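Take a look at the structure below.
Values in this text are rule-based calculations from the coordinates and carry no lab data. All of these numbers come straight from a predicted model, not from anything done at the bench. Heads up, the Cβs are rebuilt from the backbone with ideal geometry, glycines too, and the neighbour counts pull from every protein chain shown.
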Amino acid sequence: MEPRDVDVTFGNTAYFTCRAEGSPDPQIVWLHNENEIDVNHNGRYSMLKDGTLMIQDTQGSDQGVYECVARNIAGEARANKVELRYFGEPERPRFTVEPRDRTVGTGESVTFLCEASGNPKPDISWSKNGLVLPPNPRFTLQPSGALNIIDINEVDAGVYSCSAANSIQTISTLARLIIQGQLIIKNIILGDTGRYDCIAENSAGRATMSINLLVHVDERENRPIDRTRDRLINRPNSASIQPTNFRPYIPPGGRERQDDRLTRYYQRQRLNQVPRFTHIRSGHHDNRLTPPEIERALHQATNRVNAGINSTLMSLFQSNQQHSVQDLLSIFRYPAPEALELARAEEIFEQTLEILHMHINQGHMYNLSSNDESYRELVSPPHLALIANMSGCSRRPLDTDCTNICFHRKYRTLNGICNNFKNPTWGASNQAFTRLLPPIYENGFNTPVGWNRGKMYNGIHLPSPRLISSFMMSTDHVTMDEEHSHMLMQWGQFIDHDLDLAPQSISFARFSDGQRCNETCDNVSPCFPIKVPNSDQRIRNNCLGFTRTSGTCNTGTTSVFFSTVAPRQQINALTAFIDASNVYGNGPDEANSLRDLTNERGLLRVGPSLNGNRLLPFDEDTLNHVDCQLDATKRHVPCFKAGDHRANEHLALTAMHTLFMREHNRIATALEEINPHWDGNKLYHETRKILGAVLQHITYDNWLPKILGEKGMAMMGEYNGYDPETNPTIANEFATAAMRFGHSLVQPVIFRLNETYEPIPEGNLPLHRAFFSPYRILEEGGIDPLLRGLYGVSAKKRMPGELLNSELTEKLFSLANSVGQDLASLNIQRGRDHGLPFYVDYRKYCNLSTVNSFEDLIFDIQDADTLEKLRAVYSRVENIDLFVGGMSETPMPGAKIGPTFLCILSDQFRRLRSGDRFWYENSGVFKAEQLNEIKQSSLARVICDNSDAIRSLQHDIFLFKTQEEMTSCENIPKIDLRMWTDCCEGDEPPTTVNNEIKEDMSALSDRLEGVESVMEQMSKTIKHLKRKKYLQKQVKGKKDLTCTDPDNQRRINGEKWNMEGCKICLCNRGKIVCMEQTCPKLSCESPVKIEGQCCPVCS
C-alpha cells in the first residue's frame, strides 16, 4: 500500500501509510526531503508497527516531500514520493461580500452577491425561505458564490439565505427579493370594503401607505362604485391599487386578534391559479401560527415525504431494472407496511414543525434541549394535536386484545403482542428500542452526533468514521481460530436476525429537494453522509452515502404531542424474543405468505427441488420476479423468501434459512403422523413452538458460553423462571454496537467444500462475490458445500490489529458500486445516527474502572499498538465511539468480547430469557418429558436431518474438528417427537375399540339434554372417535404405512426416490405422492445434461 499526499492544518496530526511485503520481512524507513527520518530523536515523529508514519503537532518545518523505503537483504523498494502541504491555520468563515435586499419587476434578472473567506475555504450554498433551492434553469450559482436569477416571476419573491460552511463553523446571511407589483382585487363584492395598508420596510425602518376602498351599489345601474377614486367599478372588473415603490406585506401569521384599533391588511391567496386578494382583520399578534398556515405547512410536509417515498419505491421496485447489491440491501431493509406507516407519520410531523419554524425564523435551527416551551411558543397545544392527527402520529401504541386466553396461554402471537399480559407490547414487533443510557443528540432530541460539523467534543472535532476504520480496524491478514468453527459467526448472524432490524429511512433522498443521499455530502434529513479524509488510500469521493434509521412516533419531535420532549427513538421491526421469527416472519400477513395453505398439514411453502430436497420458495411478493443476482451473464433467478428479509444477503445465510424451513416441515410431517386428527393450524403452531425452543436451547447452551465465557455466563445468572417485571425489549446499544462484535469473526472467504472437505469444482468465493447470488445454490451444489464450509473451517480469530477483514471494509458491495462500502464506517456512523453516548460512558454504566486518560485503558485494551492508534485518531479518550472502544478491548478469558460488550450482551440475553413467558424452560410451557427431548436438540442434528447428504460432523458444531474427529449422524441424539402424542383420556387397548365406539354412541344419545350440551359433547366424541379409529387401523393392519412402487419395490413411510427422470416420489402413510421437478430457464444457448441430474446446466 503506497502513501498519498496529505493536506494538514498545523498543530494537528498527519499520517502517511506504507505497507510492504518480502522475504525476509522488509524494514520500512521514511525520507523527508531526501533525508532519513530518525523517529528516535524527534518526539513528534513515530512509526507504527504497520509502517505508518505519524507526525504529531505538525509545524511549518514538516512541509515537503516524503518517501517510503522498504529494505531487506535482497535489496530495497521505494514508494511514490508524496507531499505534506500546509493547509493553514483553522479560521472560521466570515463574509467578505454580503447580499443585499433587491426589488425588481417581473421578467427582470437579479444577482445576489455572496463571498466568504475562511480556512478551510468555505463552501457557499443558497436556500430560499429556509428550504434548499431546487434545481431550476433560471437559477445559477456562480463560482464566486453569487446567485443569479433570470426571468423573475412572482413565485421568486422571498427571503434568500447565503450560507458559508467549513469544518469549523457554518454562518448565514439573509437578503429579500421583493417583486414590485400592484394589488388587484377581482370580482369586487361589498365585503371588500375597508382600509388597505401597504407597508415597505428595510433595516432602516418602515413606511406605510393606507388606502380606503368603499364598494357601493348604484341602484340605478346596479353597479358597484369605488369611492376611493370616485370611479365606477363594473362587474366583474377589478379594483387596481398600486402605491408607488411599496410592496404588499403579510403580517406575521396574519392572525386575527381582538383589539379596539382594527386595521385591514391584505393577503394574497391562489384559487385555481387565479390571483384573488382578500383582506383579513389584524392587530396585535403573538408568536403562534394560525390553522391555515399549519395546514399549508402540513400539506407541504406531506408532499415532501410522499415524494421521497414514491421516488424511493420507484427506484427500488421497478421490475425491469437490474439491481445493485446496495439496491437489494435497501429493498430488504426498507420498512414493512406497519413500520412504514409509523415512520411516515413521524417524518410528516417533524417536517411540518421544521417548515413552520423556518417560516417564523428564517435560517435558525431550533433547539429544544432545555424544554418544550419553544414548541408551545411556536404552535399551541390544540394545533400540535391537529398536526399529530393529520400526520398520523396521534396513533397510539398498537391496540392489544389478549382476551383469547386459551390461545395466548399456549402459543405466541406472530408479532409478539400479549407475551406479557401486564405490558402487552413489551418485546413486540414495530416498537421502539429501549436504551441503557439516554442519547446525546446534538440538539438534545433528534440530530445525530456529528450532524453539525463545526461542533467540537471535549475541545476537538470527532474523527471521520472512515478514518477510524481505515487506520485501525481494517486488516488484510486473518488468523485462524484453532478452537472454534466458522459456524460460530454464522449462528450469531442468524440469531441476531431473529432479534432486531432497524429499518432504514422511508426515503433515500433528501426531503427538501429530492437529491439522493449517495449524491450529496451535506447533512440534510434523512441523509447523513460519511466524510472521507483527503488521505484515504482507496476512496476518491468526498463522502460515502448514508441514510438515517427511521424514527417512530412519540419520540423526538413528535413526542411534543404527548406532552413530553423525549429523544428520537428507532423502530425494531422484529419481535425481541428468540421465537424463530427469522423462519416464520413478524406478523400474521407475513406468516401466511410463508405458509402452505393449500392443505391442512401445517407446512411452510417450498421452492424448487434440488438433489431430492426442496429449497426456499422464490420471493414473488417483494420483487415480483426481479433478478436477485449481480452477474448480468447469469440467468434469471429471483430472490428466495424466508421469515427474515435479509435471507439472500449471502450464500451461507441463505443455507441456514433453507435448513430451518426444512426442519419445520420435517417436524410438522412427523407430528401429523403421530396426531392425524390435528388440523393445519395446530400442526403449524406446535411445530413453531418446538422450533423456537430448539433455537433457544442451541443459543444458550451451545453458542453463548463460547461468546460470553465463564464470567459472562455468571453475570447472566441462572434461570429462575418467568419474571413479568422484566422487559425483554432489545436495547439500542445491543443492536447498534455490541451485537456487531460478530463482524470480527467473519472470514474473507465463503468456503464451499465437498464430501472430502476439499473445495468444490466451482471453488471457494471471496465474500464480496457471495452477496445476492441465489443461482449459485441452484447451479453449484446446493446447501451442503456451504454448510461444510461453516462447520468444517475455523472462524477468524479475534486478534489485536485484526478487527475486520478488508473484504468488509474495502470491498463490501463493490460488485455493484464504483466505490465499495465500509462496514466498520457504517457501524460507527449508525451509532452516531442513533445518538449513542461514548464508550467511557458505558464503562461507567457497567461499573468498570474509571477512565480519564488513555493510560487508564491498559488493563482492558492490552495491545499497545491498538491503544496507540486510539490515541492518535481520537486525541481525547472521552470521544471514543462505543463500537470502536468495545471492539478494541481484549477479550475476557474464554470469551470473544471484552468487558464492556460483555456487560451489554449478558444484560440483554438475561432479559430475553427472564422476560419471555414462552421461554422453553419456563414451567408449563412444555411437559417434563417434552422438555427433556428439546434439551437433546443440537444444530448438528438439524443439519443431519435436513441437509442433502451430510452424514458425519462434530457433535458441537461450534467447535472446530478435523474430518477424522467427526462422528456419524447416527451418534447425534434426536428429539423423540412421540412425546407430543395427543393421548385421549380413557384410551384402552385396541382390541376393545369397536365395542367402545358403540358404547360411546349409545351414551351420546342418552345425553341429549339440550342443544348446547349436545354440540359440546359431540365435538369431544368426534375427536375421541378419530383417535380410536386411527389406533384400530394400526392394530388391525387394514392400512399399511409402507408403499410399493411400480417396480414392486417396498418403500418405507417418508422415503423419497427419483422415478422417470425428473419425477420425485414420496411414500406418505401408505400413499405414493409424486411431483415433477421444475427446471429453471437457462440463459445459455446450449445447456448440458449431466448424468444423474434432472435439470441441464450451462457449461
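Computed quantities for the displayed model
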read-out: Amide hydrogen neighbours beyond the local backbone of E83, cut-off 5 Å, H modeled; value: D5, V6, Y66
read-out: Tensor-based shape of the stretch 871-936 (alpha-carbon gyration tensor, a/c under 1.5 rounded, otherwise prolate or oblate); value: prolate
read-out: Proximal charge balance of K844 [Cβ under 13 Å; K/R count +1, D/E count -1]; value: -2
read-out: Overall form of the stretch 91-179 per C-alpha gyration tensor (a/c, 1.5; a/b vs b/c); value: prolate
read-out: Subset of K935/K961; K711/K869; K128/K455; K422/K844; K797/K961 violating a 20 Å alpha-carbon distance limit; value: K935/K961; K711/K869; K128/K455; K422/K844
read-out: Potential lengthening between E295 and E868 on full extension [0.36 nm per residue; Cα-Cα distance subtracted]; value: 200.7 nm
read-out: Sorted by Cβ neighbour density within 10 Å, fewest at the top, the residues I578, I211, I539; value: I211, I539, I578
read-out: Whole-Å semi-axes of the stretch 6-86's equivalent ellipsoid (Cα gyration tensor); value: 23, 12, 11
read-out: Fewest-first ranking of M716, M480, M473, using other Cβ atoms within 10 Å as the exposure measure; value: M480, M716, M473
read-out: Extended-chain gain in nm, criterion 0.36 nm per residue less alpha-carbon gap, K1056 and F421; value: 224.1 nm
read-out: Long-range amide H partners of C114 with built H, under 5 Å; value: A146, L147
read-out: Cα-projected label distance for I189 with N303, points at 7 Å along beta-carbon direction, nm; value: 2.6 nm
read-out: Highest-first arrangement of 658-671, 866-879, where packing means the average Cβ count within 10 Å; value: 658-671, 866-879
read-out: Paramagnetic reach from D101 in the stretch 144-179 [backbone N under 15 Å; point 7 Å along Cα→Cβ]; value: 157-161, 174-179
read-out: Cα-projected label distance for S109 with D948, points at 7 Å along beta-carbon direction, nm; value: 7.0 nm
read-out: Hz values of 3J(HN,Hα) by residue in the stretch 34-49 - Karplus curve (6.51, -1.76, 1.60), Gly and Pro given as x; value: 6, 10, 5, 7, 9, 5, 7, 10, 9, x, 7, 9, 8, 10, 6, 4
read-out: Whole-angstrom Cα spans of the stretch 720-763 along principal axes, big to small; value: 55, 25, 14
read-out: Karplus-derived HN-Hα couplings along the stretch 680-685 (A = 6.51, B = -1.76, C = 1.60, θ = phi - 60°), whole Hz, x at Gly and Pro; value: x, 5, 5, 4, 5, 6
read-out: Net charge over other residues, Cβ less than 13 angstrom from the Cβ of L959 (K, R count +1; D, E count -1); value: -3
read-out: Charge dipole (the stretch 408-501, unit charges on Cβ, about Cα centre) - positive-most of I460, T425, M487; value: T425
read-out: GluC sites (Glu not before Pro) lying in DSSP loop within the stretch 669-765, provided at most 14 other Cβ fall within 10 Å; value: E718, E725, E755, E762
read-out: Computed label-point distance, nm, for sites T598 and L174 using a 7 Å Cα→Cβ extension; value: 6.7 nm
